[in-house]
Amino acid sequence: MTVTAPLLRVEDLTLDYTLPRRRLFEAAPRFRALNAVSLQLAKGESLAVVGESGSGKSSLARAVLALERPTAGRVELLGRDVYALALGPLRALRRHAQMVFQDPYGSLDPRRKVGWIVAEPLDALEQGVAGDERRARIAEVLESVGLKARDAEKFPHEFSGGQRQRIAIARALITHPDLIVADEPVSALDVSVQAQVLNLFMDLRERLGLSYLFISHDLAVVRHVAERVAVMCQGEIVEEGMVEEVFRRPQHPYTRKLLAAVPRIGGARRGEPAATAAP
Amino acid sequence: MIGLAVTLVLVAVALLSLVWTPYPIAVIDVPGKLQPPSAEHWLGTDQFGRDVLSRIMAGAVNSIAVSLVAVGIGAGIGVPLGALAAARRGLVEEVVMRFNDFTFAFPALLSAVMITALFGPGAVNAIVAIGIFNIPVFARLTRGAALSLWQRDFVLAARVAGRGRTRITLDHILPNIASLLIVQMTIQFALAILAEAGLSYLGLGTQPPNPSWGKMLNEAQTLMFLAPQLAVFPGLAIMITVLGLNLLGDGLRDLLDPRLRRLR
Amino acid sequence: MTLLSLQDLRVTIDTPDGPATLLDGVSFELAAGQSLGVVGESGCGKSMTALAVMGLLPAAARAQGQILFEGRDLLALDEDALCRVRGRRIAMVFQEPMTALNPVKTIGDQVAEGLRWHLGLGRGAAEARALTLLQRVGLPAPRFSPQLYPHQLSGGQRQRVVIAMALACEPALLIADEPTTALDVTSQAEILDLIAEVTAELGMALMLITHDLAVVWQNTAAMLVMYAGCVVERGATAEVFARMAHPYTRGLLAASPHGLDADLPSGHRLATIPGQVPDPHQRPPGCIFAGRCRRAADACLPRPPAERTLVPGHGVACLFPHDDEAPA
């Protein structure tokens, strides 16, 4: 470990959701989405969080970006406790951590032009960037994700799913953040588009020195973008380690179960031997 | 844009009636009562011999003004309340929604009668009374639609971008529910015309001799078999107005939606 | 015995921008009790093929060609006759188990519905049979009461209910359209296991539609690769994977993170297919994949390549197919 504070430190993070009351005078039931989760991320490093739906991985992503208030524990970004900050300093800190969402259709406001969407974090977090400078920043960031500067004048519906995800990535990049939290960013995409977007993630990381907190249910995807992986199950991290290590020698039974469930080409097949289907 | 054309013609007719109508609206001509449509009286005359066309033109002013302002009040107060409830949740939401329930719990027309009874009959009080009962309609609709939008990823993205609740409401929530609100406004407008008719019928709305469409309808009710045209023409006027506004609403909705704009 | 035979199926749909071709001469055969994987990316026509077989094409769509099922041309049947085939002889499992179930009816009722409608069972008999079916798909009675509602179940459990509904009338063909795409990997494995078991048990044919080559490899005996409304490669699954003759098939494989690269280091770039799927309003006259194909030559442009047989049972619609072994 280095002496400088890590980019992200999560300590004993616990998050309960209050469920609707069943009866009027009964304490509302609670659901523990995160149970004492701790992790660290150094600058330039990438960590993948894998788990099934309901494992708490999306809650973790939101808590890290101060979108949910945890029941206990702390999240430090660049050495500062995000939940202890007032609104102003928290806003200043947001420049350094941005997010990419799963559904490229839901994460872009259909009524706004691409330029407006991409510039939203800039307008909110770096007041005073306007006119030519703002236009230049939009063009720069669109080009960095493989789109064209003139795409800023179009609406999201004019783009395919993969291109929309590029727009969402551009929005996350415009404030030059250190950390990108990506919540299942490729699982809604087609295979060939998925490959393009994953490659983009890797390119951007090399070029800009980004760190990713990469949330996914797909172990195969994770191997390409992160060097460390944390496996989550029912709100807890059950195993954490270097990606290659976890893949080769999974320790926890849950990790083994997850790995075994991934279908592999060339692996075991169900049913009877092949028959022909040609006309 | 048929809707826009119809609406513009109606507004023009209403404005015209302020300075000119074919016949004076209040002059009683008993011998010439209940005439069928003719060259002199295009739409015939009523039970006092007044020209129906003139009264419909003048009635347009009252009916449209009352309904528009009433819907304006309802939307103007209801939409911000609903948006606020969705944005703040918690106690604010509880207070707003219980206020809505409270208003909703009174039968609208009865309460309008109460209000006009308290503050005196007249067009202005009718407007206020109808307007108040439009507030919860818009507040509820806005809150419901806004709540589902607050769950959407693009709103979450705006929060990650550091936007506050007010900016998110203005930039993302309201533009995305505008079409819904416009459609609701045209529905409420039709209801407001009918509510104004009801109040006028009870003598609590537009005061005689000023005509309104609703009042003309109600007056024609007793003469339904003798002179059906007396009910038909104000009814047609209401129908055309509502239809025109609905078409206008649809047009505006499509215009506001960038996904549909290209197809037009 | 051939159960389902599509012959030169063409589907076009009228859009504000003119007619769009969604399926362009799709032909294949599926024998009773066989499994067929249909693989391709979104918009390739794989779901449209399933909808055509179910007689559920959108109203603006026009279909030409033949869909012979148990000797009858489904395209020639009227809606009443189709209703007796749908659910009774052909059943379907959808991608999204939440929307495929009615949220205000109990799972027991939903399974029983098909039995009462198609088989004319009485209420009691249908309920008893529904109970057996739910047990068969892994939702046994005391723990999973038929009185439960869909929202009380997990995604995988809901998909089991959908499968129970599909099995109700013991159809001859089960169409599963991306049945596990919305599920976690562990649920996916369980649901695919279940589908394999029940189809084998009842001797049902299976048409498994997916974008995931690994799922096709694992679960089907024969496969079609579709691209932009055309079948570009077909054959016995093991044969197709051994050869991967069509450049598009290879592109799909190389792009897949589930591929063969078990030992590649982290940060390795995935191969991509350049370009975009052609606009269905303006399809090129020649090979539909030529615009994105590294092997394309002038000969590919004037007319679409005829399908040629590489070995019996393995066809490819390409003038320059790969003839080496697949990079396995």
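The values are calculated or read from the model by the stated rules, or taken from the named source; none is laboratory data. Here the structure is a predicted model, which is why all the values come from computation and not from measurement. All Cβ positions, glycine included, derive from the backbone under ideal geometry; neighbour counts span all protein chains shown. Just the protein is used for accessible areas: all its heavy atoms, side chains included, with ligands, DNA and RNA removed. Shrake-Rupley method; radii C 1.70, N 1.55, O 1.52, S 1.80 Å.
Observations
- Here the label points at B:Phe48 and B:Arg253, each 7 Å from Cα along the C-beta direction, are separated by 4.1 nm in the simple model.
- Here the range C:37-99 yields Rg over Rh of 0.96, to two decimals, using C-alpha coordinates and the Kirkwood radius.
- Using a probe of 1.4 Å on the protein chains alone, the accessible area found for C:Val39 is around 0 Å².
- Each of A:Leu90 and B:Met114 was given a label point 7 Å from its Cα along the Cα-to-Cβ line. The distance between the two points is 4.2 nm.
- Restricting the calculation to Cα atoms, the protein assembly as shown shows an Rg/Rh of 1.04 when the hydrodynamic-style radius is the Kirkwood one.
- For C:Ala125 and C:Gln64, the difference between the fully extended length at 0.36 nm per residue and the C-alpha to C-alpha distance is 17.8 nm.
- Considering all C-alpha pairs of the range B:104-188, those separated by over 22 Å amount to 45%.
- Database remark: amide H of C:Val232 closer than 5 angstrom to the amide H of C:Val225, C:Met226, C:Tyr227 (H placed geometrically; neighbours at sequence offset of 5 or more, or on other chains; Pro and chain starts carry no H).
- Of the listed residues C:Cys83, C:Cys287, the order by accessible area with a 1.4 Å probe, largest first, is C:Cys83, C:Cys287.
- Residue by residue, the range A:141-151 carries 3J(HN,Hα) couplings of 6, 5, 5, 5, 9, x, 9, 9, 4, 6, 5 Hz when phi is fed to the Karplus relation 6.51 cos²θ - 1.76 cosθ + 1.60 (θ = phi - 60°); x denotes Gly or Pro.
- Chain C: angle of helix C:123-136 to the longest principal axis, Cα-based, in degrees nearest 10: 50 degrees
- Euclidean distance between Cα centres, the range C:168-188 to the range A:45-110, Å: 35 Å
- Per-residue packing, averaged as other Cβ atoms within 10 Å, sorts the ranges A:238-251, B:151-164, B:49-62 into the order B:49-62, B:151-164, A:238-251, beginning with the highest.
- Only DSSP H runs of four or more residues enter the estimate; each adds -39500 (n - 2.57), and after division by the residues of chain A the mean residue ellipticity at 222 nm equals -10000 deg cm²/dmol.
- Taking amide H as placed 1.01 Å from N in the peptide plane, A:Leu34 has its amide H under 5 Å from the amide H of A:Leu15, each at least 5 places away in sequence or on another chain.
- Axis angle, to the nearest 10 degrees, between helix C:185-202 and the longest C-alpha principal axis of chain C: 70 degrees.
- Restricting the calculation to Cα atoms, every distinct pair contributes to the Kirkwood radius of the range B:1-112, found to be 17.7 Å.
- Cleavage-rule hits (chymotrypsin sites (Phe, Trp or Tyr not before Pro)) in the range A:12-72: DSSP loop, at most 12 neighbouring Cβ within 10 angstrom: A:Phe25
- Per residue, the convex hull spanned by the Cα atoms of the range A:83-227 measures out at 117 cubic angstrom.
- Its Kirkwood hydrodynamic radius, worked out from the mean inverse distance over all distinct Cα pairs, puts chain C at 21.0 Å.
- Charge context of B:Met185, other residues only, Cβ under 15 angstrom, K/R +1, D/E -1: +1
- Relative contact order of chain C, defined on C-alpha pairs under 8 angstrom at six or more residues apart (%): 20 percent
- Phi to ³J(HN,Hα) by Karplus 6.51 cos²θ - 1.76 cosθ + 1.60 over the range C:148-162, Hz, x for Gly, Pro: 6, 9, x, 5, 7, 10, 7, x, x, 5, 4, 5, 5, 4, 4
- When the surface is traced with a 1.4 Å probe over the full set of protein chains, C:His281 keeps roughly 60 Å² accessible.
- Among the DSSP helices (H) of chain B, those spanning at least 24 angstrom by Cα along their long axis with an average Kyte-Doolittle hydropathy of 1.0 or more are B:2-19, B:52-88, B:174-201, B:229-256; this is a geometric and hydropathy rule only.
- Lysines whose Cα lies under 17 Å from that of A:Lys154, excluding same-chain neighbours fewer than 8 positions away: A:Lys113
- For the range A:14-170, average projected area of the Cα convex hull in nm²: 12.3 nm²
- P(r) tail, the range C:170-324: Cα-Cα pairs separated by more than 24 Å, 43% of all pairs.
- The accessible area of A:Thr18, taken with all protein chains in place and a 1.4 Å probe, comes to roughly 90 Å².
- At 0.890 mPa s and 25 °C, Stokes D of chain A from Kirkwood alpha-carbon radius, µm² per second: 121 µm²/s
- Anchor B:Lys215: lysines whose Cα lies under 19 Å away (excluding residues fewer than 8 positions away in-chain): B:Lys33
- Projecting the Cα atoms of B:Leu147, A:Leu41, C:Gln188 onto the dipole axis of the protein assembly as shown, where Lys and Arg carry +1 and Asp and Glu carry -1 at the beta carbon, places B:Leu147 farthest toward the positive end.
- Cut-off 13 Å (backbone N to label point 7 Å along Cα→Cβ of A:Phe31), residues of the range A:54-70: A:54-59
- Only Cα pairs under 8 Å and 6+ residues apart enter the sum, and on that basis the relative contact order of chain A stands at 24 percent.
- Derived from the Cα gyration tensor, the three semi-axes of the equivalent ellipsoid of the range A:116-185 are 19, 16, 10 Å, largest first.
- At a Cβ-Cβ separation cutoff of 4.7 angstrom, cysteine residues of the protein assembly as shown with no neighbouring cysteine are A:Cys233, C:Cys44, C:Cys83, C:Cys169, C:Cys230, C:Cys293, C:Cys318.
- Charge tally in the Cβ shell below 13 Å around A:Lys148, where Lys, Arg are +1 and Asp, Glu are -1, A:Lys148 excluded: -2
- Cα-projected label distance for B:Val183 with C:Asp298, points at 7 Å along beta-carbon direction, nm: 5.7 nm
- Counting only other chain Cβ atoms within 10 Å of each residue's Cβ, the peptide B:159-170 averages 6.
- Multiplying the residue separation of A:Ser38 and A:Asp81 by 0.36 nm and removing their Cα-Cα distance gives an extension gain of 14.1 nm.
- Normalised alpha carbon radius of gyration of the range B:2-263 [divisor 2.2 N^0.38 Å]: 1.18
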